[in-house]
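For reference, the structure discussed in these notes is given below.
FYI, it's all coordinate maths here, none of it is from the lab. Keep in mind the model is a prediction, meaning the values are calculated, not measured. In this analysis, Cβ positions are derived from the backbone assuming ideal geometry, glycine residues included, and neighbour counts consider all displayed protein chains.
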Amino acid sequence: MWRGRAGALPAAIGALCRALPPGSRPAPETFRLAKFDRPEASLQIWRLLYSLLKQIHDGGWTDPDTIGTQIRFVKSVLWYYGYGRPEFYQLPSDGSQGSRELLLAFSWLLNRISLLERLLTVNRVKIGDEASVCTCEDNNSNSWKDRTEIALEPCLKREVDVRYLQWLTGRLQFQWRSLHVDHQEQCKLLHKIHSYTSGCHMDQTIGHFSVTETDLIRQPDSYKQLLQLLESETSQLEAFLEWKRLEPVYWHWMETVLDTLDEDGNTFKSEDVCKEKNTLPNTNLCCHSASNIIGEIDKLTKDLVTLRDGLHELVTCKKSAWYEKVKSRERTLPDEREFCVAVRTITEAVKLKLSDLKCHCAHKKNGMHGLYRLVFKDKHSASKTGFLSSVLKEPITNVVNATEVISELKMEEATLKRELKRLQEECRHKLDEIADGLVGVICIPPMKR
């Protein structure tokens with residue numbers, strides 16, 4: 001299919017570089033240098049990872065003052081996605097080495113989170129007004145337990161001041177409120193544009209202009225810039241199609257990178273073994289006489305007898321203590337009537353949980369996910385088409401009413417509030433149990449806001 005893997009590899013890496021956003025394209029030579037762990041490629045790949053992940057998470061790329069800030073950001077994002085190589089998190093914060101580890105992390109992102117597809121989605125030229133809607137079940141919550149068991153365990157075990165966590169919580173709440181206010185202002189402006197331009201669009205299904213189309217009417221010269229963006233996106237999509245055709249060549253090459261990593265690791269291990277062998281004493285080991293050996297055997301025999309007697313006494317004490325504990329536990333067990341009441345209560349609670357779960361699963365069966373185009377319809381046209389302020393997704397037959405989305409989100413909000421209240425009650429009971437065990441301590445609850 002290809003003209004040989006050796007000749008197809010440069011084409012595959014070249015297509016990969018061209019499929020990346022224009023401001024974040026590395027030189028293909030960087031990949032070859034990273035395979036052999038050359039230090040001159042480390043900083044380039046650190047900056048590459050930072051720029052790509054920043055576009056996904058922050059929607060833009062602002063180069064900070066120090067490389068250490070970039071490295072900390074990349075490590076935190078990789079940890080969030082569950083990347084588990086300890087060698088990656090042990091790389092120095094100055095970016096002086098570790099280009100091969102960075103190449104492995106970059107390739108892992110390509111496969112694990114579909115990095116190229118997500119970048120194409122984020123940087124897509126948006127002609128129409130869109131909104132991100134998701135009513136699907138969150139499947140990522142179960143992976144947090146696994147994420148806490150990877151290479152950052154020493155960092156996570158450090159003590160953190162509670163006041164610092166409270167400050168972070170307050171800062172997050174303030175930013176959330178600011179974001180909510182900005183989003184409300186954006187919705188008001190979108191409503192003005194959609195209502196003022198109603199009936200002006202060529203496509204009667206949409207019926208109004210978007211923000212981009214309104215800006216083109218106000219500033220006709222800006223179409224050149226939009227045309228350049230569309231051409232750049234087209235070339236990027238062509239490179240992506242070429243990359244998908246040559247992608248197996250790249251992964252075969254990554255297997256050779258792993259083989260090189262294993263060979264270097266075995267070399268280091270053999271060198272360490274040789275050093276250990278050289279440090280061992282080689283001659284003049286003392287030879288014991290027969291009498292010394294017999295004396296040592298007698299001493300070891302006495303020590304073993306003493307140890308056996310001590311273990312026997314310890315086992316006897318443990319057995320007696322265990323029997324007493326079992327008897328006390330038997331006395332505290334409830335009678336048959338109390339036990340039946342407790343079982344009945346637990347059964348009812350389980351049935352209630354299962355019914356909620358069934359309703360939740362049936363409700364989430366046809367969950368929506370993805371970008372939807374915003375289409376405004378007034379009451380008169382909505383009576384004809386059947387939807388008001390709808391969210392429209394391609395193809396045009398998939399039309400969703402905004403009121404349906406709002407009702408589903410409100411139901412999800414109510415479920416989350418119930419779960420939050422349950423967790424708060426559990427924490428309150430645990431705190432009460434801890435407070436009961438403290439002597440001479442008065443616990444003052446925080447003031448209600």
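Side notes on the structure shown:
- Full-stretch length increase - Y81, T415 - with 0.36 nm per residue and alpha-carbon distance subtracted: 117.6 nm
- Taking label positions 7 Å along the Cα-Cβ direction at both L165 and K327, the computed distance is 4.4 nm, reported to one decimal.
- The Cα atoms of the range 199-243 cover 42, 26, 13 Å along the three principal axes, with the biggest extent listed first.
- Cβ crowding within 10 Å averaged over residues, with 185-195, 34-44 ranked highest first: 34-44, 185-195
- Summarising the label geometry, the points placed 7 Å from Cα in the beta-carbon direction at D58 and T347 lie 5.8 nm from one another.
- Backbone phi angles across the range 217-231, fed through the Karplus curve with coefficients 6.51, -1.76 and 1.60 (θ = phi - 60°), yield HN-Hα couplings of 5, 6, 10, x, 5, 6, 5, 5, 5, 5, 5, 5, 5, 5, 5 Hz in residue order; Gly and Pro are listed as x.
- Sorting the segments 76-89, 412-425 by their mean number of nearby beta carbons within 10 angstrom, highest to lowest, gives 76-89, 412-425.
- Note on R218 and R118: the extension gain reaches 32.8 nm, defined as 0.36 nm multiplied by sequence separation minus the Cα-Cα distance.
- Between the range 88-129 and the range 399-449, the alpha-carbon centres lie 36 Å apart.
- Highest mean first, the peptides 433-443, 229-239, 96-106, 113-123 sorted by other C-beta atoms within 10 Å per residue fall in the order 96-106, 113-123, 229-239, 433-443.
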